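The values are calculated or read from the model by the stated rules, or taken from the named source; none is laboratory data. Values in this document were obtained by computation on a predicted structure and should not be read as measured data. Quick note on the areas: whole protein, heavy atoms, side chains included, nothing else; ligands and nucleic acids left out. Shrake-Rupley method; radii C 1.70, N 1.55, O 1.52, S 1.80 Å.
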Amino acid sequence: QRSEFHNTWSATVPRNDDQSHDEPSANINNSVAGGASQQRVARSVGQSDVISNPPEDADIDDVFPLNLAMPPVVEWSLRMLSIILDGLESADGPLGADESEAFAAWRAGSAPVMSGDSEWIANSLVSSVASIPSLMKTLLLLNDSDPVKARVFNLSIIRRAISSKYTVGNWLVYLLEAVDPVVARRGVDYLEILSEDEDENALIPSTKRVRFAGTQLSPSQRAALYYKVSKLDYFLPAILALEETAEVDRAAKTKLLRHILDKELGSRPTLTMAFFDLFLLMVLLVAFQMSAYHVIDGEAHNTKYMTTYFLSLTGILYAILRKFGQMSSMIKISRQAFVENNFRWVDAIDWLAIALTTGGVIWMEVSISTNYEAVPVTDYMRSYLAAAICALWFKLVSWLSVINWQVINLVQLLHQVLLGMRWILLFLLIAIFSSSQMFYVMLSGKNCANGYCEKQNAYLQVWAMLLGQFNIDDFQSVFSVISFVVFTFVAFILLGYALIATAIDCYNKQVTFRSENSAYGNRSRLVYIAELRAFRRLFDQRWTVMQYCAALLFFTSTLVVFLFAAAGIRDSLGAYYSGGIVGGAVALLLIFLFVSIMAFVSHMTYYSFVESNGANGCGSKLCQCIAANAFVRFLSHPMEILMCKVVDVDGIHLDGTPSTAKYTDSWQGSATHIRCHVKRELMSTERHIASRMKNELFTMEMRHKKANEQSRADVLTEIRASEERMERMLGDFQTWMERRIDKED
């Protein structure tokens, strides 16, 4: 019996040790959901343990039976329920055209059932089936090769139960947390099933892995369903904790998860933390640029430079704190989440910007403190500072590519276009290098008076020629003229038009098959929101003594670092101590700063991802006091408007409407425009037809009711007339009999 079941516990969430692992297996040894052996045991005992002692829902949510086989009686029961549901929801009335004797009593009732009553009965039936503990989990765990699974998932009662909010429970999180990858895939399958009927690519060819889908829901019903899924404990970290990267990407592409992430980004706590990220990033960018301009111009050490210098240090410390917070939040989920979500290209850009900016700030401070004598401003220093500024701008773009869908679409579009043009760009690069070398060989010499006299300038001259800037007098020989004509023809006409055509083709393909369906944008948002939620809970919860000590050590180390950053204090310390001692003190101070950051962010646990009472506002008294301040509330309104524009909240439909309408305001290609227009027309037609059918059905019901009343009145009148005729006939017969008797007498 034990081999038929396998209890997969979460690898991250601690469980109660009061009950041993063997007890759940013993509780379901005689379950009728298993194979023939379970049925034989149940019959021999007389009643299974599950039936005699029904367990709580939470006790079986993390139990995953293997080798499941559905008994025929269960499939027959679900099929009968589907027939009843189809009859209740048909346009011909309750139980429709079913003329069998099974529903004769229903049709022969004295009070006819109206459409509203049948709809209530159907919804109650679906809710009752959906409320069966672990029903959907058990159906998902059926083998995909079993034909019973396809038949059951195509039944109307199961399709309605899939889209019911009563089906959603903690079993979904346990599925995603399962150690067995097969079980975890079933959880991702359910996320796709919940999103399947809202697929935006339904009108164009697409490859779908999910074969089953629920019924079409209204926007409010879909929003309620998604809201209940979003409120499951550990739902977001459970997705990030999936061991297979492909499954994380598959879950990130679902419409359900995109709706949850959009709604989370539109909330005020997330917008507030995103505002601080943007504000301090802009402070770092502007302050570093002003410091670089100050040093490049050779100005002296003054108050303006010290202000930008300390603002740059503040921005760098905040960026380091946020990156360590991200790493700590991911390592608390799982090692796989830490590896997969801390070595992306956006993380590489962030760390590169932090490293270059830190080196630039130190380099500029050393140079300006010695009046540019010990460390002068060289071309290498200028190039380094330019690279640091470029890295900061790329950091801003990478942050926007996580939080704004329009930037995500643009980044994905550029990536796909460059990927599609890679071979054409390779041929163009070959043409430039070969032509540069050829022109240098042909046009250089002792009496050279053109731009091809040096090897380095020859490459720049050919690149300028590619942009349309050249001097025809430089080509004197016949072969050089032929080479010039061939190069311009190949580069301008052949490769140029090929690049344009490829870019257009990649653009149309990218906007037709939505870039939002790719895993990049949703996965980056998922990591960012999980990090912000854990970071917010870290400040919102009650601190321990260790956290206070870590915060005190962090602020003390930061203050001492700022004091060491002042040139006057460094000179005073250098006059009393040797350079080695001062350097060792600075190194020890940086170690203290690193340890304090790690000690502070290490208090983020797996439970930090669960929303508390202050999830939508402030949970701590200090936060509530700050939020109640009139000045803070006055500044919060313009900040909220700004962040709504940055995040593009206006383009996020938080009411659950299909996200196709989110992008129809801007032109994104003919195929996308036609597809969105056709889908809008189809949705409008469906609503119109549904409303018209409802009105016609109500009219038919009223007409049928009126006709029934009229028929009943006619029948009663005919009966009364028949009774009167019968009375007259009986009276005439009685009179005739009396006359006959009298005559015989």
Inset, instruction - Throw me the Rg/Rh for the range 368-411, computed over C-alpha atoms with Kirkwood Rh, two decimals. - result: 1.32
Inset, instruction - Apply the Karplus parameterisation 6.51 cos²θ - 1.76 cosθ + 1.60, with θ equal to phi minus 60°, to every residue of the range 431-444 and state each ³J(HN,Hα) to the nearest whole Hz, in sequence, with x for glycine and proline. - result: 5, 5, 5, 5, 5, 4, 5, 5, 5, 5, 5, 7, 9, 8
Inset, instruction - Just the number, please: carbon plus sulfur as a percent of the accessible area of the range 250-345, 1.4 Å probe, no ligands or DNA/RNA counted. - result: 66
Legend entry - Rg(Cα) / (2.2 N^0.38 Å) computed for the range 224-279, rounded to two decimals: 1.27
Legend entry - Accessible surface of the range 414-540, 1.4 Å probe, proportion on carbon and sulfur as whole %: 68
Legend entry - Per-selection metrics, the range 414-486 (Cα): Rg and Dmax in Å: 14.0, 48
Legend entry - lysines whose Cα lies under 23 Å from that of residue 255, excluding same-chain neighbours fewer than 8 positions away: 137, 165, 208, 228, 231, 263, 509, 645, 662, 679
Inset, instruction - At 25 °C and 0.890 mPa s, grab the translational diffusion coefficient of the range 375-528 from Stokes-Einstein with a Kirkwood Rh over Cα pairs, rounded to a whole number in µm² per second. - result: 129
Inset, instruction - Tell me, rounded to the nearest percent, the portion of alpha carbon pairs in the range 409-453 spaced more than 16 Å apart. - result: 57
Legend entry - Average projected area [Cα convex hull, the range 335-422], square nanometres: 8.4
